[in-house]
Amino acid sequence: MRFVFPQSIESNFEGYKVLMNFHNETKGLVFDDIVLDFSKTRWLEANLIALLGAILNSAQSDFNTVKIENLSEDIEKLLSRN
């Protein structure tokens, strides 16, 4: 399954809604490939990385493979720092 993230993921209702939608789409998957597509994303608030990480950890514990694609350089740096 491929999940395309929006242009901006902020610490507001819409940002949490995006992450919860991602969680809901992945929580029933087992032995699947999950692709996170950040091609549209230009902003991701750093404090949301922990929540994203928890969702990915849960997905991986169900034997899914997670791939991250199309990261901008800024978001890649942010993810590697956090």
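Below, the figures for the structure above:
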| item | result |
| --- | --- |
| Interchain or long-range residues, amide H under 5 Å from residue 34's placed H | 65, 66, 67 |
| Cα pair count fraction exceeding 17 Å, expressed as % - the chain | 42 |
| At least 24 Å along the helix axis (C-alpha) and Kyte average at least 0.0, DSSP helices within the chain | none |
| Amide H partners (placed H, <5 Å) of residue 44, local residues excluded | 9 |
| Expected 222 nm ellipticity per residue - DSSP helices of 4 or more, -39500 (n - 2.57), all of the chain, to 500 | -13500 deg cm²/dmol |
| Residue 25 paired with residue 82, simple spin-label distance in nm, labels 7 Å along Cα-to-beta-carbon | 2.0 |
| Accessible area (Å², per residue) of the chain, counting only protein heavy atoms and a probe of 1.4 Å | 61 |
| Sites excluded, GluC sites (Glu not before Pro) in DSSP loops with at most 15 other C-beta within 10 Å, longest stretch of the chain | 46-82 |
| Cut-off 13 Å between beta-carbons: net charge of the residues surrounding residue 59, Lys and Arg +1, Asp and Glu -1 | -2 |
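The values are calculated or read from the model by the stated rules, or taken from the named source; none is laboratory data. Every value quoted in this text rests on a predicted model; they were computed, and no experiment measured them. Heads up, the Cβs are rebuilt from the backbone with ideal geometry, glycines too, and the neighbour counts pull from every protein chain shown. All accessible areas refer to the heavy atoms of the entire protein, side chains included, with ligands and DNA or RNA removed. Shrake-Rupley method; radii C 1.70, N 1.55, O 1.52, S 1.80 Å.
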